[in-house]
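The values are calculated or read from the model by the stated rules, or taken from the named source; none is laboratory data. Note that the structure is predicted; figures quoted are calculated from it, not measured. FYI the Cβ positions are ideal-geometry reconstructions off the backbone, even for glycines, and counts take in every protein chain you see. Note: areas computed on protein heavy atoms with side chains; ligands, DNA, RNA excluded. Shrake-Rupley method; radii C 1.70, N 1.55, O 1.52, S 1.80 Å.
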Amino acid sequence: MTDMQKLYLVVPLAPLAGAILAGLFGKLIGRTGAHVATILGVAVAFIASIYIFRDVQAGNTFNGTVYTWMEAGGLSFEVGFMIDQLTVMMMLVVTFVSLMVHIYTIGYMHEDPGYQRFFSYISLFTFSMLMLVMSNNFLQLFFGWEAVGLVSYLLIGFWYERPTAIYANLKAFLVNRVGDFGFLLGIGLVAAYAGSLNYVEVFAQASDLATQEMAVTGWPLITAICICLFIGAMGKSAQVPLHVWLPDSMEGPTPISALIHAATMVTAGIFMVARMSPLFELSDVALSFVLVIGATTALFMGFLGIVQNDIKRVVAYSTLSQLGYMTVALGVSAYSAAVFHLMTHAFFKALLFLGAGSVIMGMHHDQDMRNMGGLWKYMPVTWITSLLGSLALIGFPFFSGFYSKDSIIEAVHASHIPGAGYALFCVMLGVFVTAFYSFRMYFLVFHGKERFGQAHHHDGEHHHDEHEEEDAHAGDHHHGLAPGQKPHESPWVVTVPLLLLAIPSVLIGFFTIEPMLFGSWFDGVIFVGDNHVGLEELAAHFHGPVAMALHGLQTAPFWLAMGGVVVAWFFYMVKPGIPAAIQRTFKPIHTLLENKYFFDRFNEIFFAGGARLLGKGLWKAGDQGLIDGIAINGTAKLVGWIAQMSRLFQTGHIYQYAFTMIIGVFILLTFWFNRG
Amino acid sequence: MTDIPFLSLAIWVPILGGLLVLATGSDRNAPLARGLALLVAIAGFIVTIPLYVGFDASTSAMQFVELQAWIPRFNINYHLGVDGISVLFVLLNAFITIMVVLGGWKVIEEKVAQYMACFLVMSGLMNGIFSSLDGILFYVFFEASLIPLYLVIGIWGGPNRVYAAIKFFLYTLCGSLLMLLALLYLFMQADGSFSILDWHQLPLNIAEQTLIFFAFLVAFGVKVPMWPVHTWLPDAHVEAPTGGSVVLAAIALKLGAYGFLRFSLPIVPDAAQEYSGLIITLSLIAVIYIGFVALVQTDMKKLVAYSSISHMGFVTLGFFMFNPLAIEGALVQMISHGFVSGAMFLCIGVLYDRMHSRQIADYGGVVHTMPKFAAFFMLFSMANAGLPATSGFVGEFMVILGAVQFNFWIGFGAAITLILGAAYTLWMYKRVVFGPVANSHVAELEDLSAREFAFLAILAVCVLAMGLYPFPFTEVMHASVDELLRHVAVSKL
């Protein structure tokens, strides 16, 4: 093993060591020990990632096995690493955001009794996510995939005494399992037809797979594989209709909303499809499917962000919508744009979430935006960094989000794949919607009248819509400020990560767009077929980031975004009566949005209720009724009955026996004589 | 190495040791009985270790073979041996016995010596089943092993124990009588040989094969148990004491599945091929139907019992797709299920010992008072739901992969367990462990004792080790499974 390979191992194992220390020996090492150990682990991983990044930059990639997990049926199942340009970018994003979140957590979870447990979980998450992105095969990908799902489950339910939290985490796990169901079938198809689970070996056979049909169903194999794999991505990256778990996941503590449910884990699906570009490129049907799902998510989840009053939920719906943008980019073969948006989004969305967390702390755990207003005075760092994050999110020129989102829109514009027209409509309108809800939130929180410190009204209405468990107010969720109390700026462990995340949120797009989208950075990693446009057209018109931003000032997306900001300003700053009036006028639409298109209710009744009903039916009618009732106990009863009957023959009266015997002899003799 | 009869030791150390424990007599000597039982169980496990260490993975032949005439007049022999299919079960059985002794340490206060002796004797008998190469020897062990389990349920069981014990006994006895007929028929056809290995080579026409196949199917199908002859299991589990449930789930269910591989597939390969569709259908019904039934159980033990049936559906499914991935996956699933279901029942036992209730509704918020327990229970629940990096994943994954290879729709049906398994296990976990403290009884719960911590920790290590590195488990299987498949592919007609 070379030194470099040892370093690859260090990256995931350092956070794992931290997680084990904080998890198993949390009492022993105490609170300080726990955060020192885990932060050290993640910091080591981050520094090692930088070093590996430099090494990859110098042209040294790696693809090799760490150990053979199992061999069976002619297949070798391995744990191994693939270190290339895509991996190393993900490693940097994951370890950097994770490091920021670790530091931030010191402040955010300061008073929580589960301090060590929390640090253990987030370090375990970092380990799992790194194993996922560093994998060189489908098995380990699935390992990481499920492991991040597990940690997400544990963290959403971190405050386990809260009924809404443990409802949300079960829901998250099960909805993800629906995705994994597809994902596993996709992996099964790959194993069955390619005879390997190693990326490189499978990709080498891609064109061969594209010509085959599936044995039993007769479907085109490659399309089936890609759609199955993408169903996995739909679960993890919360695409319609498997998006339902993500808004509820906000029940978890805010740091993990930033790390897991915005910056990293939910983008695993995007990463996976980009990684599988050699397969997806061969199926236009699958790409169209991806595109339509992504476009629907991008627009319709954005709408939901408009009606939310919980600050975290606004950011959550914006995450859904942005994931939709990334998926759209995948659909039009602009994989590098998807990954680029993944990266910029990781920074500015982590920033926005951590900013929201800082606001929540300042508000003493009140999350309702209707109780905020005018916070800029009290929380200057949070205010400025949130503004920067919001500008990046809406794609304001020169901010990182501009470069990534504009590239996606242009790529959709250039694409000819079926569904591209619909997608273009969705992503364009989505720009307006994004700007509107982002600045609605911004104005409601940081500007306008100070509404805190009053008796608050109607909170928690979004927390428990359909399920039986009541009481969303349990735990330390909705304390809020006492009358007369003022919000306060958060301590430095919280504000420093905000500042550190604000830097890439603003700048990273400007500096990296050229190599990542139009340069050779992803050569040999991401494939775009000759029949797909991808980013070619965009590349032809690219004359540097400055020119792109200046040009961006004159295009429709910019004006749509500005329109969104102005409308939000007008509605929430100038004429605050308007939203309520609109709400009254368009009652049915508001009801639809308020109920999130009734997805939750449908799932609750149809799937959850249906499964319970079916289970009860099979149990009572099948097991207890038919099998036990009729077959088993029936047999026992029959035996008993026969015994009862035969007892009747044994009466003990000699004359009855004699009579029976005579009749028997008579019958036998009759047969005997008539046998010839 | 081979001079020492390790297989005989694996059988007779626990049986004779068990009789010794029995000799300690009344409950005045209970501490002695417990200590002695633990000693015997550990010794019983130690003598099985050479079976793995000295196992030659490169051959499919029987190893550690012992052959002595037993009843020469009928050519019945004391014939033992293990191959890659059976060797791991001997180890698993001996290992689980230690867990059972530890699990019943404090809980069983009446007839301690008899309780421990029952389990030790049963352990030896079951090792006999896994290593018999003589049909009659197999049958004797197979039937004899019913008795201790019957006693365990009938004596140390719950309020409805008599119904459960009789149901269990009759169910399995009816099945195995048909098997006895099949064995006798084979004996006659094979010119007076009871050697299972001879029977593997015995030519049989399709009518004979079909009859024998169904005789075996009933015998082994009841034991597995396969749908629709599974209804004895939930009753037996609910009434059995914790140790009984552990052995039942971890080992006893494996006997039936093992029978398919040792008897049905190699002796009547053409019938096995012919009726594979039937078995696959029954298995998928077990996986899906039982998954739904498990979802709505209100009794934790019943829930895990149904989950066992569903998991065993994966085993029979894997056997009858005739590809190495699926068969090895099924075998791995059997081993893993031994650890996981054993651990699940022990966990429920831990709760039951404190609360004397298995009703999910009586619990809630256990994590507040038993955090260590909650952590272990989480691990085993996740393993039960087939999470990667636990042993529960490995077998399921292999069988699903094999199924997709065999026929996409069968893979599709099998993969539904991903959702159902997670749903019933984690929903139960949520209601029992999470949430606010449900009542004053839960508020007074004490966390794991050192003894409970020990056996759960050992099982946790097993579950994780097998999930992270299953290589050593599958390594020993390859030669035997490949040979089996070659054998099945050749028609006997």
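Quick look at the values:
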read-out: Looking only at region B:320-329, and only at residues there that are open to solvent by less than 10 Å² (accessible area, probe 1.4 Å) and within 14 Å of another protein chain (Cβ to nearest Cβ), the one that is farthest from B:Leu387 (Cα to Cα); value: B:Met321
read-out: Residue list for region B:445-493, filter: open to solvent by less than 10 Å² (accessible area, probe 1.4 Å) and touching an Asp or Glu at 6+ places or on another chain (Cβ under 8 Å); value: B:Thr474, B:Met477, B:Ser480, B:Val481
read-out: Number of positions in region B:97-117 that are in a helix (DSSP H, G or I), open to solvent by 10 Å² or more (accessible area, probe 1.4 Å) and either among the hydrophobic types (A, V, I, L, M, F, W, C) or farther than 18 Å from B:Ala250 by Cα (or both); value: 3
read-out: Flag for A:Leu174 being over 19 Å from A:Ile293 (Cβ atoms), touching a Leu at 6+ places or on another chain (Cβ under 7 Å) and either within 11 Å of another protein chain (Cβ to nearest Cβ) or surrounded by 23 or more Cβ atoms within 10 Å (Cβ to Cβ) (or both); value: no
read-out: Helices (runs of 4 or more DSSP H) within region A:201-310 that include 1 or more residues free of Cβ contacts under 8 Å to residues at least 24 places away in the same chain; value: A:206-210
read-out: Residue identified as touching a helix residue (DSSP H, G or I) at 6+ places or on another chain (Cβ under 6 Å) and more than 13 Å from chain A (Cβ to nearest Cβ) among B:His356, B:His337; value: B:His337
read-out: Any chance B:Ser193 is in a loop (DSSP other than H, G, I, E, B) and either among the polar types (S, T, N, Q) or at pLDDT 90 or above (or both); value: yes
read-out: Pick from region A:1-53, criterion hydroxyl-bearing (Ser, Thr, Tyr) and buried (at least 20 other Cβ atoms within 10 Å of the Cβ), ranking: nearest to A:Glu111 (Cα to Cα); value: A:Thr38
read-out: Evaluation of A:Leu550 against (1) open to solvent by 80 Å² or more (accessible area, probe 1.4 Å); (2) in contact (Cβ under 8 Å) with a residue 40 or more places away in the chain; (3) not assigned by the TED database to the domain that holds A:Val314 (one fails), failing number; value: (3)
read-out: Residue selected from region B:64-96 under the condition among the β-branched types (Val, Ile, Thr) and under 22 Å from B:Gly54 (Cα atoms), by the criterion surrounded by the most Cβ atoms within 10 Å (Cβ to Cβ); value: B:Val82
read-out: Residue identified as touching a residue at least 40 places away in the same chain (Cβ under 8 Å), touching a Gly at 6+ places or on another chain (Cβ under 8 Å) and among the β-branched types (Val, Ile, Thr) among A:Ile50, A:Ile39, A:Ile106, A:Ile122; value: A:Ile39
read-out: Residues satisfying the stated conditions in region A:595-613, i.e. surrounded by fewer than 16 Cβ atoms within 10 Å (Cβ to Cβ) and either of a type in the set (Asp, Glu) or within 14 Å of chain B (Cβ to nearest Cβ) (or both); value: A:Phe607, A:Gly609, A:Gly610, A:Arg612, A:Leu613
read-out: Single condition A:Phe158 does not satisfy, out of (1) open to solvent by less than 10 Å² (accessible area, probe 1.4 Å); (2) part of a helix (DSSP H, G or I); (3) assigned by the TED database to the domain that holds A:Val66; value: (2)
read-out: Candidate set from region B:403-417 (those that are at the interface with chain A (Cβ under 7 Å from one of its Cβ atoms) and open to solvent by less than 10 Å² (accessible area, probe 1.4 Å)); member that is farthest from B:Ile288 (Cα to Cα); value: B:Val404
read-out: Inter-residue pairs, beta-carbon under 9 Å, first touching a residue at least 24 places away in the same chain (Cβ under 8 Å) and in region A:583-598, second of a type in the set (Lys, Arg), 6+ apart; value: A:His590/A:Arg584; A:Asn595/A:Arg601
read-out: Subset tally (residues that are touching a Leu at 6+ places or on another chain (Cβ under 8 Å), open to solvent by less than 10 Å² (accessible area, probe 1.4 Å) and either of a type in the set (A, V, I, L, M) or within 12 Å of chain B (Cβ to nearest Cβ) (or both)) for region A:100-132; value: 5
read-out: Test: residue in region A:555-572 that is open to solvent by 90 Å² or more (accessible area, probe 1.4 Å) and either more than 32 Å from the chain's Cα centre (by Cα) or not assigned by the TED database to the domain that holds A:Leu304 (or both); value: no
read-out: Members of region A:187-207 that are over 14 Å from A:Leu75 (Cβ atoms) and within 24 Å of the chain's Cα centre (by Cα); value: A:Tyr199
read-out: A:Pro579 loosely packed, with under 14 Cβ neighbours inside 10 Å and either basic (Lys, Arg) or away from every other protein chain (no Cβ under 14 Å) (or both); value: no
